[in-house]
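Here the structure comes first, spelled out in structure tokens, and everything after it is commentary.
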Amino acid sequence: MPELVEQMYCSQQIVIPPKFPYILKRYCKAAIKTQPYDLLRWSYEYFTALAEHRPPPVKLRLEYPIYSTEGGLTRGCLKVLANQLSGMTSVPLPAVRQAWRGFCLDTNELNQILCLCEVYMREEEVSFLRFIAVAGGLLTKTLTHTMILLCETLTHEPDGGSAAIPVQDFLVMYRFLAAMDASKDVKYLNGYREGETPKTESTMEEEEQVTSQVVSEPDQKLRQMSGEELPDQDKKDRKEEKTERKKEGIEIVVHDEDGNEIPYEIYGEHPAEEVGEEEEESNVFGREEFKVAEKKNNEIDKIKEFLDDCEERRLERIADLEKTFEEIEIIVDRFKSANYDLGMVAGRQMSTTSGEFIVAQVERDIMDYINEQIAILPDPDLKKKKAKPEEVAMIKELVENYLDENMEVIVPEVEEVEEEELPIPEVTVVYAVPGIGPEVDEDLVQEVEYYLLDVCKVQADMVMPRNIRHFLCPPLEKYKEHDYDNLPSKEELAAGGALTD
């Protein structure tokens with residue numbers, strides 16, 4: 001007991017920071033407004049954000065009844081996420097995941113959003129407007145309601161105001177969602193839509209070339225337009241550009257605007273008369289040089305004739321060798337159908353490997369057949385029916401060299417190649433998103449864009465939900481038209497009656 005008494009503290013020893021009650025009060029109010037799924041995890045993210053001087057994951061007010069997705073995303077969470085990530089055009093994925101974990105939301109739902117943004121397992125950043133647009137599509141039922149929700153989420157006005165946002169931001173998000181087809185479930189393999197091939201380095205280079213061509217297209221179009229508008233001027237320019245270089249007796253002809261020939265002069269050259277005088281003086285001093293050049297040409301011709309003779313002899317020798325090897329190939333081709341297989345030597349015990357045994361067997365069979373043919377070869381004098389020893393040795397040497405060089409073709413070695421196991425791809429199933437829906441026609445998108453650009457002129461380049469709800473606004477999406485005339489008819493019975501045959 002004395003030990004316990006010594007460890008007890010009095011009220012004077014316990015020091016409580018003066019701001020602790022205020023911090024605890026704010027924490028309790030934030031937890032009540034946010035209603036986190038995991039209070040312990042949310043508390044860690046809350047105090048970590050305060051320590052790092054970041055906006056904490058706290059909703060602006062209590063949502064009741066809470067309307068959320070399967071992953072836990074709500075309109076209040078989307079509003080806070082937009083405030084936390086605002087200020088950056090492209091947001092790094094680690095920052096997005098950190099803000100997403102702050103509300104204890106499901107990571108699978110975040111992966112689905114990144115797949116629809118086409119950045120999952122591809123890039124390290126995501127466009128802020130695209131991320132918020134796709135996330136807002138998960139909370140609504142139609143594309144029109146999604147755009148209204150995005151206006152209410154990204155506006156800086158207080159609740160109950162007009163919820164206006166810049167028209168350029170609105171059009172960027174609308175065009176991105178309108179070009180997306182989210183009307184059915186899709187599988188993504190390693191971040192790529194099923195059936196879509198990942199981009200390689202070659203395809204990236206091709207895309208860069210295409211973009212460079214697209215950049216140069218406006219200049220070409222302007223040139224074409226200017227050529228169409230001024231055809232006479234184009235013809236005159238072509239006449240002026242029509243020149244021929246003065247080389248090897250070719251004359252240069254230049255035409256003026258009326259088509260008349262004009263004298264042609266090159267800057268830095270002397271007139272024709274001065275050139276003629278210089279040529280006469282140079283001819284006197286060039287006769288001796290001409291004689292020396294003739295002697296050199298005669299020597300070159302002799303060397304050329306000698307090389308031509310050597311080349312002819314070399315070609316004849318090559319032709320003789322090719323003919324000899326063609327005859328040997330005819331003999332060897334007869335043994336290509338022998339069907340030597342490793343199974344022929346299966347089970348035999350030998351010092352050499354099975355492949356070496358087959359090669360030796362083929363060489364022995366071919367040489368036996370060649371020896372039989374050589375034995376009956378006539379000599380040049382046709383006095384004996386046996387070949388000379390030097391001829392036999394020469395042919396044997398040629399055949400052995402040929403077999404050594406082409407044995408891989410005659411008896412190919414089959415190597416068992418182990419199939420590489422392909423890595424299992426990461427499959428992400430993205431379910432249909434009614435808030436985005438099917439792809440919208442380009443004509444309809446352009447009508448909406450023209451309408452909003454016309455309206456925002458008197459609204460300081462801002463767009464509001466009331467502009468979308470206005471009766472003059474074109475539909476933001478294509479609605480399904482039901483054919484009520486061809487509905488299936490139901491049999492109706494008269495009151496008190498019955499069906500009879």
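The values are calculated or read from the model by the stated rules, or taken from the named source; none is laboratory data. Keep in mind the model is a prediction, meaning the values are calculated, not measured. Backbone-built Cβ (ideal geometry, glycine too); neighbour counts: all protein chains shown. In case anyone asks, the SASA skips ligands and DNA or RNA and just uses the protein heavy atoms, side chains included. Shrake-Rupley method; radii C 1.70, N 1.55, O 1.52, S 1.80 Å.
Here are the numbers for this structure:
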quantity: Qualifying residue in the stretch 69-91 (condition: in contact (Cβ under 8 Å) with a residue 40 or more places away in the chain, assigned to a strand (DSSP E or B) and touching a Ser or Thr at 6+ places or on another chain (Cβ under 6 Å)); calculated: yes
quantity: Scan of the stretch 11-50 for residues that are exposed (fewer than 14 other Cβ atoms within 10 Å of the Cβ) and outside any helix (DSSP H, G or I), ordered by number; calculated: S11, Q12, Q13, I14, V15, I16, P17, P18, K19, Y37, D38
quantity: Condition check for V417: at pLDDT 65 or above and open to solvent by 50 Å² or more (accessible area, probe 1.4 Å); calculated: yes
quantity: Residue pairs meeting the criteria (Cβ under 8 Å; at least 6 apart or on separate chains; first without any contact (Cβ under 8 Å) to a residue 60 or more places away in the chain, in the stretch 107-130; second in a loop (DSSP other than H, G, I, E, B) and among the charged types (D, E, K, R)); calculated: E109/E70
quantity: Residues satisfying the stated conditions in the stretch 101-131, i.e. in a helix (DSSP H, G or I), surrounded by fewer than 23 Cβ atoms within 10 Å (Cβ to Cβ) and out of contact with any Phe, Trp or Tyr (no Cβ under 8 Å at 6 or more places or on another chain); calculated: R101, N108, E109, F128
quantity: Matching residues, the stretch 139-184, being assigned to a helix (DSSP H, G or I) and either within 26 Å of the chain's Cα centre (by Cα) or free of Cβ contacts under 8 Å to residues at least 12 places away in the same chain (or both); calculated: V172, M173, Y174, R175, F176, L177, A178
quantity: Residues within the stretch 26-69 that are among the hydroxyl-bearing types (S, T, Y) and modelled with pLDDT under 90, tallied; calculated: 5
quantity: Residue list for the stretch 447-460, filter: open to solvent by less than 90 Å² (accessible area, probe 1.4 Å) and either touching a residue at least 40 places away in the same chain (Cβ under 8 Å) or part of a helix (DSSP H, G or I) (or both); calculated: V448, E449, Y451, L452, L453, V455, C456, Q459
